[in-house]
1. Among the listed residues Ser291, Ser283, identify the single one that is at pLDDT 95 or above and either within 24 Å of Asn134 (Cβ to Cβ) or acidic (Asp, Glu) (or both).
2. Looking only at residues in the range 264-315 that are free of Cβ contacts under 8 Å to residues at least 12 places away in the same chain and outside any helix (DSSP H, G or I), which one is surrounded by the most Cβ atoms within 10 Å (Cβ to Cβ)?
3. From the list Thr208, Thr236, exactly one residue is farther than 19 Å from Thr161 by Cβ, at pLDDT 90 or above and out of contact with any strand residue (DSSP E or B) (no Cβ under 8 Å at 6 or more places or on another chain). Which is it?
4. Answer yes if at least one residue in the range 68-79 is among the aliphatic types (A, V, I, L, M), part of a helix (DSSP H, G or I), modelled with pLDDT of 85 or more and buried (at least 23 other Cβ atoms within 10 Å of the Cβ), and no otherwise.
5. Return yes when Ser283 is more than 29 Å from Phe372 (Cα to Cα) and under 16 Å from the mean Cα position of the chain (by Cα) and no when it is not.
6. Keeping to the range 134-158, report how many residues are more than 17 Å from the chain's Cα centre (by Cα) and open to solvent by 10 Å² or more (accessible area, probe 1.4 Å).
7. Quick check on Val426: is it assigned to a strand (DSSP E or B), open to solvent by 10 Å² or more (accessible area, probe 1.4 Å), among the aliphatic types (A, V, I, L, M) and farther than 16 Å from Met376 by Cα?
8. Within the range 326-359, which residues are assigned to a strand (DSSP E or B) and open to solvent by 30 Å² or more (accessible area, probe 1.4 Å)?
Amino acid sequence: MESSYFCVFKGARLFLSLQILMICFMHKGHTYGVEGKIASLTASISSLLPSPSCSPSTSKASSRKSTLEVIHKYGPCSHLVQGPNPLNHTKLLLQDESRVKWIQSQSSNGGDGLEGSAAARLPARSGETIGTGNYVVTIGLGTPKKDLTLDFDTGSHLTWTHCEPCTGSCYSQSEPLFNPSQSSSYANISCTSTSCPQLGHYSGCSGTTCLYSIRYGDQSTTAGFFATEKLTLTPTEVINNFEFGCGQDNQGLFHGSAGLMGLSDDKISIVHQTAAKYGKYFSYCLPSSPSSTGYLTFGKDSGASSSVSFTPLSKVPQGAQLYGISIEGISVRGNPLSIPSTVFSSGGAIIDSGTVITRLPPTAYSAMRDAFRTAMANYTRAPAFSLFDTCYDFSKESTVVVPLITFSFAGGVEVNLDLSGIFYVVKASQICLAFAANRADSNLGIYGNTQQQTFEVVYDVAGGKLGFGSNGCS
């Protein structure tokens, strides 16, 4: 029996035999149409499954002096996980749903982002993470330097860590708590300082000492001293007098990691505090699987890769510190879906490193899902899982041909998703389309970290633009 491939040919759908190479051809696991656009991706099932061992990536960003290694919090490269401890998909996706509901409730209620009356009120339960995503970086704090592993989050503003003597409640973390009394460069910020009021309604005073307090949706809190300290990003990159939260009462948050690095567009985030040095410019690449590594880089250094295409950043009126983006369309297998532009503009959208799964307007999601199911009709369906209503059983397959999904952003930017951004792998017999629908088209859309995997994602905050570059981790 002759093999056949789906081709893109001036919008028509053609099934052609392998002999008609003028129309359709295969190259390096991709199926192309005559217009040179990729229509589908081919991969071995083994390549989709996570490896039990760590395989660090060597990226072009590793030579930049201000680059931190990004590690999946629950993967084999993480020291936060002791022994065999497979990722709990159900728990992770429940936390993700809680995060999304809170973000969207704040946007609909006119909140100011994810913290305070926004980011800080994400639901959390004692001993569990707050759903800030699944990627961490290790920084140095103090003199002498103490290494601390922090979740990094583009939706949060304050960088904070768990501190001794922990006068309130403390959660379990893998590393020793930071002890400010042992650092010669630590200093509390005074209430009379111009820095204290920058916390806004998160600030308070104890005598003349500035305090911070952030309360989360289930009444979990992080609270402590607002202080300055020497922050060491890499051996050559040191930030003196970095303002951060030295947490004394941290209940129910970030189990395992030492705290949080806030990367939002806010005056007390690390992005703004290092503006003179790095120009409000940072980039990251999230690895394709928990068994690999990525990077987080501050500053332009040698500049973005030539493969990076930029789309304008926009302000989200309901969340000024969040990074707004304009999704204009979605294509499946090279074919633009018939989705009215008002579907995407109705609720707007943000890009968020802490949300795992992209949330789409239900009208857009249904159109994408239906086109995807049609293209995958020859594969065995599997039961739905958690957020996902479209799953497949690939346990008896050796390779799979997957329709390409492309996102179109403002400014003519086209992003062809990696396979790791199309599928969420529970197990070989349950591999799911990695998207979820919002409740209504008017809800805020969120471009999550699964769809960002393998891309160099560049935040030129000063320039008001966001870049995507393919194969960013390698």
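1. On the way: Ser291 fails: at pLDDT 95 or above.
None of the other options fit; the residue is Ser283.
2. Pass one, the range 264-315, residues free of Cβ contacts under 8 Å to residues at least 12 places away in the same chain: 272, 276, 303, 306, 315.
Then drop every residue that is not outside any helix (DSSP H, G or I), which leaves 303, 306, 315.
Details: Gly303: 10, Ser306: 7, Lys315: 14.
Restricting to residues being free of Cβ contacts under 8 Å to residues at least 12 places away in the same chain and outside any helix (DSSP H, G or I), the top hit is Lys315.
3. On the way: Thr208 fails: out of contact with any strand residue (DSSP E or B) (no Cβ under 8 Å at 6 or more places or on another chain).
None of the other options fit; the residue is Thr236.
4. First, the residues of the range 68-79 that are among the aliphatic types (A, V, I, L, M): 68, 70-71.
Subset that is part of a helix (DSSP H, G or I): none.
Taking every residue of the range 68-79 in turn, none turns out to be among the aliphatic types (A, V, I, L, M), part of a helix (DSSP H, G or I), modelled with pLDDT of 85 or more and buried (at least 23 other Cβ atoms within 10 Å of the Cβ).
5. On the way: more than 29 Å from Phe372 (Cα to Cα): yes; under 16 Å from the mean Cα position of the chain (by Cα): yes.
Yes.
6. Number satisfying all stated conditions: 5.
7. Values: assigned to a strand (DSSP E or B): yes; open to solvent by 10 Å² or more (accessible area, probe 1.4 Å): yes; among the aliphatic types (A, V, I, L, M): yes; farther than 16 Å from Met376 by Cα: yes.
Yes, satisfied.
8. Applying the first criterion (assigned to a strand (DSSP E or B)) to the range 326-359 yields 327-332, 335-336, 349-351, 358-359.
Passing the criteria: Glu328, Pro336.
The values are calculated or read from the model by the stated rules, or taken from the named source; none is laboratory data. The shown structure was predicted, so the numbers you read here are calculated from the model rather than taken from an experiment. Glycine also receives a Cβ, built like all others from the backbone with ideal geometry; neighbour counts cover every protein chain displayed. Surface areas here come from the heavy atoms of the whole protein model, side chains and all, with no ligands, DNA or RNA. Shrake-Rupley method; radii C 1.70, N 1.55, O 1.52, S 1.80 Å.
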